[in-house]
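**Q** I am attaching a structure below and will ask some questions about it afterwards.
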Amino acid sequence: MRSKLSQFNYDFDEKLIAQYPAAHRDESRMMVLHRDTGKIEHKIFKDILEYFSSDDVMIFNNTKVFPARMYGKKEKTGAKIEVFLLRELNSDQKLWDVLVDPARKIRVGNKLYFMDAKGNEILVAEVVDNTTSRGRTIRFLFDGPDEEFRKGLYTLGTTPLPKYIDRNVEKMDFDRYQTVYAKVLGAVAAPTAGLHFSEGLMKRMEIKGINFAEVTLHIGLGTFRTIDVEDLSKHKMDAEYFRVPQAAVDVVNKGKAGNQRICAVGTTSMRATESAVSAGNLLKAAEGWTNLFIFPPYDFHIANAMVTNFHLPKSSLLIMVSAFGGKDLVREAYAEAIKEKYRFFSYGDAMLIL
């Protein structure tokens, strides 16, 4: 039976949207779903150690969030323009796909000026193409070394918190909207399931003999794009860059051979690994772009456990989680989470599905 978008809707109080992270990464609440029995448990995140043994595997997405939100001024009028860096198209020409707001004020040929907090001009960009109603392609007019250009972007950019976090970006967001194992720069949003892992917790997992496998999937705004078709088989995901290195393949396939628990930390780790499945249903090394959209019914090939957060209604993330956990059990879990006042979305609480 085909899955319909309307099956993944739910009502909840917006007061449950977490505006700040938990005081300590590993002390968020954690709901545990047991797919075999339907049992639901309420725990603290650091209790995750209870559910994993020596030689089990955790798959982490080591993408690093780029400070993608910038504010510039339009030439002549001085109108304030928000520019959200989506993707670098050409590093030599310094071409970027961006979203601009308000879009109606920005046309091809316009120049945008970016200043630091003291009003010093750091970068200038020219709009060279219209890509969508809100999207543009811009070229940064910068002749210096690439290192200086990147430094300028970092100086100007702010942590790209989602719009439902209804406050200004604060200094702590620079660290907290980033996993402790982030390495490869390129995401415009954090792999939020990983935000619950502290360095101390990861050390304790290592001591217990749990093995780590790192993959990369650079999260773009396509992950959060509204689905506007009722028949999910007709939805097209935006492509995102991913890489599954041989080192991760070796760790995961050894765990699979030993019938160990293989846990995907987040929907992005799940997407990356499910985009790199061999003919023998093992993980294989791969690199490229994936537009894989996972919706029920779906046979998962790599992970048999998953850490995730509580996601927006009708989102591709909630739909994937429902494919993994089972639509009925996940629906029951969300109703329980609302009743028990769990904290939702990026800075919210966690769910472990076994």
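The values are calculated or read from the model by the stated rules, or taken from the named source; none is laboratory data. Predicted model, so just to flag it, every value in this text is computed and none were measured. Backbone-built Cβ (ideal geometry, glycine too); neighbour counts: all protein chains shown.
**Q** Identify, by number, the condition in (1) under 22 Å from residue 353 (Cα atoms); (2) of a type outside the set (A, V, I, L, M); (3) part of a helix (DSSP H, G or I); (4) under 15 Å from the mean Cα position of the chain (by Cα) that residue 216 doesn't meet.
**A** Evaluating residue 216 over (1) under 22 Å from residue 353 (Cα atoms); (2) of a type outside the set (A, V, I, L, M); (3) part of a helix (DSSP H, G or I); (4) under 15 Å from the mean Cα position of the chain (by Cα) leaves (3) as the failure.
**Q** Please give the number of the condition residue 175 fails out of (1) part of a loop (DSSP other than H, G, I, E, B); (2) free of Cβ contacts under 8 Å to residues at least 12 places away in the same chain; (3) farther than 30 Å from residue 111 by Cα.
**A** Failed condition: (1).
**Q** Would you confirm whether or not segment 189-206 contains a residue that is modelled with pLDDT of 90 or more, surrounded by fewer than 20 Cβ atoms within 10 Å (Cβ to Cβ) and either in the same structural domain as residue 112 (by TED's automatic domain parsing) or farther than 20 Å from residue 24 by Cα (or both)? Steps first, answer last, please.
**A** Filtering segment 189-206 for residues modelled with pLDDT of 90 or more gives 189-206.
Filter once more, so that each one left must be surrounded by fewer than 20 Cβ atoms within 10 Å (Cβ to Cβ): 198-206.
Remaining after also requiring either in the same structural domain as residue 112 (by TED's automatic domain parsing) or farther than 20 Å from residue 24 by Cα (or both): none.
No - not one qualifying residue is present in segment 189-206.
**Q** Let me ask you something else. Looking at segment 30-45, is at least one residue in a loop (DSSP other than H, G, I, E, B) and among the hydrophobic types (A, V, I, L, M, F, W, C)?
**A** no
**Q** Scan segment 240-260 and tell me whether some residue there is among the hydrophobic types (A, V, I, L, M, F, W, C), at pLDDT 95 or above and closer than 26 Å to residue 349 by Cβ. Break it down stepwise before answering.
**A** Restricting attention to segment 240-260, the residues satisfying the condition of being among the hydrophobic types (A, V, I, L, M, F, W, C) are 242, 244, 247-249, 251-252, 257.
Okay, now just the ones that are also at pLDDT 95 or above, so 242, 244, 247-249, 251-252, 257.
Next cut, closer than 26 Å to residue 349 by Cβ only: none.
So far as segment 240-260 goes, no, none of its residues is among the hydrophobic types (A, V, I, L, M, F, W, C), at pLDDT 95 or above and closer than 26 Å to residue 349 by Cβ.
**Q** Collect the residues in segment 251-274 that are part of a helix (DSSP H, G or I) and not hydrophobic (A, V, I, L, M, F, W, C), keeping them in residue-number order. Give the derivation first.
**A** First, the residues of segment 251-274 that are part of a helix (DSSP H, G or I): 251-257, 267-274.
253, 254, 255, 256, 267, 268, 269, 271, 273, 274 - these are the residues of segment 251-274 that are part of a helix (DSSP H, G or I) and not hydrophobic (A, V, I, L, M, F, W, C).
**Q** While we're looking at this one, here's another question. Which of the residues spanning segment 256-275 are more than 10 Å from residue 57 (Cβ to Cβ) and touching a residue at least 40 places away in the same chain (Cβ under 8 Å)? Even if it seems obvious, please write down each step before you answer.
**A** Residues of segment 256-275 that are more than 10 Å from residue 57 (Cβ to Cβ), as a first pass: 257, 259, 265-275.
Matches in segment 256-275: 265, 266, 267, 268, 269, 270, 271, 272, 273.
**Q** Can you name every residue in segment 248-303 that is among the basic types (Lys, Arg) and surrounded by 21 or more Cβ atoms within 10 Å (Cβ to Cβ)?
**A** Here is the first cut: in segment 248-303, the residues among the basic types (Lys, Arg) are 254, 256, 261, 271, 284.
Listed by number, the list holds a single entry, 271.
**Q** Only residues in segment 73-93 that are of a type in the set (S, T, N, Q) count as the first member; pair them with residues that are surrounded by 12 or more Cβ atoms within 10 Å (Cβ to Cβ), Cβ under 7 angstrom, at least 6 apart or cross-chain, and list the lot.
**A** What qualifies is 93/139.
**Q** Still on this structure, I have one more. So which residues in segment 297-354 are small (Gly, Ala, Ser) and either without any contact (Cβ under 8 Å) to a residue 24 or more places away in the chain or outside any loop (DSSP other than H, G, I, E, B) (or both), if there are any at all?
**A** Our first condition is that a residue be small (Gly, Ala, Ser); within segment 297-354, this holds for 303, 305, 315-316, 322-323, 325-326, 333, 335, 337, 346, 348, 350.
Within segment 297-354, 305, 316, 322, 323, 325, 333, 335, 337, 350 qualify.
**Q** Something else about it: What about residue 144, is it assigned to a loop (DSSP other than H, G, I, E, B), of a type outside the set (A, V, I, L, M, F, W, C), at positive phi and out of contact with any Asp or Glu (no Cβ under 9 Å at 6 or more places or on another chain)?
**A** Details: assigned to a loop (DSSP other than H, G, I, E, B): yes; of a type outside the set (A, V, I, L, M, F, W, C): yes; at positive phi: no; out of contact with any Asp or Glu (no Cβ under 9 Å at 6 or more places or on another chain): yes.
No.
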